[in-house]
Amino acid sequence: MNPCPCGFHGSPRGECRCSDQQIQRYLGRLSGPLLDRIDMHVEVPGLPAGALLAGEAEEDSATVRARVMAVHARQQARSGLSSHDMPTSRLMEWCPMEAGANALLTRLADRFGLSARVCHRMIRVARTIADLAGQDSLTEAHLGEAFAYRCLQRLLPGKID
């Protein structure tokens, strides 16, 4: 989705002509229950023309595919399922958290009023992040990264301590 009705909020390619009220009204069209069902909300800035025309990729598709396949194999070996398909009743068994990660999730849930669905989805994303790092238990860094992917900063009423 665009960041605002005109599509230029925060863009170097044009000047946004929307008021703060228009932007909030535009973003308010997305309901909380709908946003709860989206695992990752990631803002992707536009690239300058020079970067697009250079055609240089940081990683080729084969490298990324190999990493994804390794994570998939790790998840299958652990539970026979991908993180997405883990039943919620087994989530904590297959996604052990360090004490700091558990405390961070609790703080985030309390501070931002996260639903149980959002917390479970964040744990699943954090599990995949940990698998990419080759780690067995979830750390604060994994949960923090999952939260960063999970939230649209401009929709949150407060700051993270």
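The values are calculated or read from the model by the stated rules, or taken from the named source; none is laboratory data. Keep in mind the model is a prediction, meaning the values are calculated, not measured. Glycine also receives a Cβ, built like all others from the backbone with ideal geometry; neighbour counts cover every protein chain displayed.
Any idea which of (1) surrounded by 11 or more Cβ atoms within 10 Å (Cβ to Cβ); (2) without any contact (Cβ under 8 Å) to a residue 60 or more places away in the chain; (3) under 27 Å from Gln135 (Cβ atoms) is the one Asp39 doesn't satisfy?
Asp39 satisfies every listed condition except (2).
Given the conditions (1) closer than 29 Å to Cys4 by Cα; (2) surrounded by 12 or more Cβ atoms within 10 Å (Cβ to Cβ), and given that Leu34 satisfies all but one, which numbered condition is not satisfied?
Every listed condition holds for Leu34 apart from (2).
Between a residue in the stretch 72-85 that is without any contact (Cβ under 8 Å) to a residue 24 or more places away in the chain and under 22 Å from Met40 (Cβ atoms) and any residue that is in a helix (DSSP H, G or I) and of a type outside the set (Gly, Ala, Ser), which pairs come within a Cβ distance under 7 Å, given they are 6 or more apart or on different chains?
Note: pairs meeting the criteria are Arg78/Trp94; Ser79/Trp94; Leu81/Gln75; Ser82/His72; Ser82/Gln75.
Tally up the residues in the stretch 93-116 that are within 19 Å of the chain's Cα centre (by Cα), at pLDDT below 90 and not aromatic (Phe, Trp, Tyr), please.
So the answer is 3.
Hey, could you check the stretch 60-86 for residues that are over 15 Å from Asp131 (Cβ atoms) and surrounded by 10 or more Cβ atoms within 10 Å (Cβ to Cβ) and say which is modelled with the lowest pLDDT?
Here the answer is Thr63.
Exactly one of (1) within 30 Å of Pro3 (Cα to Cα); (2) touching a strand residue (DSSP E or B) at 6+ places or on another chain (Cβ under 8 Å) is unmet by Glu98. Its number?
It is condition (1) that Glu98 fails.
Give the residues of the stretch 87-102 that are surrounded by 12 or more Cβ atoms within 10 Å (Cβ to Cβ) and of a type in the set (A, V, I, L, M, F, W, C), sorted by residue number.
Scanning the stretch 87-102 gives Leu91, Met92, Trp94, Cys95, Met97, Ala101.
Scan the stretch 46-58 and give yes if some residue there is in contact with a Gly (Cβ under 8 Å, 6 or more places away or on another chain) and surrounded by 11 or more Cβ atoms within 10 Å (Cβ to Cβ), otherwise no.
Looking for residues that are in contact with a Gly (Cβ under 8 Å, 6 or more places away or on another chain) and surrounded by 11 or more Cβ atoms within 10 Å (Cβ to Cβ), one finds none in the stretch 46-58, hence no.
What is the number of the single condition among (1) at pLDDT below 95; (2) buried (at least 21 other Cβ atoms within 10 Å of the Cβ) that Ile160 does not meet?
(2)
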